[in-house]
Amino acid sequence: MTTGITLLGPALGLSAILFTLGVAGVLLRRNAIVLFVCIELMLNAVNLSFVALAQLHGASGQIMVFFVMTVAAAEAAVGLAIILAIFRHKQSVDLQNINLLRG
Amino acid sequence: MTEAVFYFFAAAAVITAAFCILSRSALSAVLWLTITMLSLAAIYVLLSAEFVAAIQVLVYAGAVMVLFLFVIMLLNLGTTTSDLRGPAAVAATVVIAGLLVIQLAALWRYTPSRLASEVAQSPAFSDPAALFAAGELARQEAVTRGVVGGVAVPLFQVYLVPFEITSILLLAAIVGAVVLAKRRI
């Protein structure tokens, strides 16, 4: 059963496409929540390449995916709490209005 | 057959991801991303990582996306004006897309057997399963121990310390989220 190995190249290509879409979203959008969504998209693309390469290198890649998911869940919880706190101050999640640290 | 299913879900993932970054409201962006994640779960099954696929549906498409939706409902944004950045960001995006095209062109010439022959540094070596023995071993492990056991045994033996450190990370995230979400900050 070598279906995984034959799909290695296409899976890595799909991972690159999804990661680039995530980067494009981060660069193009100003909505803080959409920014977080794009970060999740990038993390998912990385997970896909981990799973694809786990076909060659054993279960370590799949275990790394669990760690990435844990970090992503923690990041989403803290990040969304920060967005909530900022929204209470500014009544907006547009990054153009959030320039407290710009000096 | 496997390849056809793979390309179907790959196309679904790319199209929904594009809708996700282009949709005006944050709510529909999150819902499009949920479909992307479900397509990725299907692709994980094709890459013989069934347990990761189940966790992807449960944790990502379930828990994380529900968290996003809750925050969007709490914020009550209700604006439909476009929030795209200026021409500098568009130029940077075009540069990154060009890099992606170069990457994909390089990747297009690679097959697993060619990768195996280059890693082995002999042009005749063309069997990836023989060279990457760890992957073949993991496949047999999944057959004997089951899909979950093949992942769980190395997770609780080799990666036990990182696994325990993960719990500290989650505890810190819980405390941080609760403190940040308090009324006065």
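Here, each number is a calculation from the coordinates, and none is a lab measurement. None of the values given here were measured: they were computed from a predicted structure. Note that we place each Cβ from the backbone using ideal geometry, even for glycine, and neighbour counts take in every protein chain shown.
What's the long-distance tail for chain B, i.e. % of Cα pairs beyond 29 Å? Walk me through the numbers on the way to the answer.
Numbers: 8143 of 17020 pairs.
Summing the P(r) tail past 29 Å for chain B gives 48 percent.
First select every other residue whose beta carbon is under 10 angstrom from the beta carbon of residue B:26; then total the charges, Lys and Arg +1, Asp and Glu -1.
+1
Rounded to the nearest 500 deg cm²/dmol, what is the calculated helix-only ellipticity per residue at 222 nm for chain B, with -39500 (n - 2.57) per DSSP H run of length n ≥ 4? Please list the in-between numbers first.
On the way: 9 runs with 139 residues, N = 185.
Counting only the DSSP helices, I get -24500 deg cm²/dmol.
Can you tell me what the convex hull of the Cα atoms of the protein assembly as shown projects to on average, as an area in nm²?
Numbers: hull surface 67.9 nm².
For the Cα atoms of the protein assembly as shown, the hull's average projected area reads 17.0 nm².
Net charge near residue B:154, counting Lys/Arg +1 and Asp/Glu -1 over other residues with Cβ under 11 Å of its Cβ?
Charge balance in the 11 Å sphere: 0.
List B:1, A:42, B:73 from most exposed to least, where exposure is judged by having the fewest other Cβ atoms within 10 Å.
Ascending number of Cβ neighbours within 10 Å: B:1, B:73, A:42.
Looking only at trypsin sites (Lys or Arg not before Pro) in DSSP loops with at most 11 other Cβ atoms within 10 Å, what is the longest site-free stretch of chain B?
B:1-108
7 Å from Cα along Cα→Cβ at both residue B:88 and residue B:14: what's the point-to-point distance in nm?
Rounded to a tenth, the inter-label distance reads 3.1 nm.
Could you list B:95, A:68 so that the one with the fewest beta carbons within 10 Å of its beta carbon is first and the one with the most is last?
B:95, A:68
Across every pair of different alpha-carbon atoms, what Kirkwood hydrodynamic radius in Å does the range B:1-75 reach? Provide the component values of the computation, followed by the final result.
Details: mean 1/r = 0.0781 Å⁻¹.
Result for the range B:1-75 stands at 12.8 Å.
For chain A, what is the calculated [θ] at 222 nm in deg cm²/dmol (nearest 500), taking -39500 (n - 2.57) for each run of four or more DSSP H residues and dividing by its residue count?
-27500 deg cm²/dmol
Could you check which residue among B:44, B:159, B:60 shows the biggest mean-square fluctuation in a GNM of chain B with a 10 Å Cα cutoff?
Most flexible of the set in this elastic network: B:159.
With the contact rule set at Cα under 8 Å and sequence spacing of 6 or more, what percent relative contact order holds for the range B:1-81? Write down the numbers at each step before the final one.
Values: 66 pairs, mean separation 23.6, N = 81.
Relative contact order, the range B:1-81: 29 percent.
Order of B:144, A:70 from fewest to most other C-beta atoms within 10 Å?
B:144, A:70
Mind putting a number on the dipole of the range B:132-185 about its Cα centre? Charges go on the C-beta only, +1 for Lys and Arg and -1 for Asp and Glu, and I need it in Debye to the nearest 20.
Using only the charged Cβ atoms, the result is roughly 500 debye.
Classify the range A:3-95 from the C-alpha gyration tensor, please: rounded if a/c falls under 1.5, else prolate or oblate depending on whether a/b exceeds b/c. Walk me through the numbers before you get to the answer.
Numbers: a/c = 6.24, a/b = 2.02, b/c = 3.09.
It comes out oblate by the Cα gyration axes.
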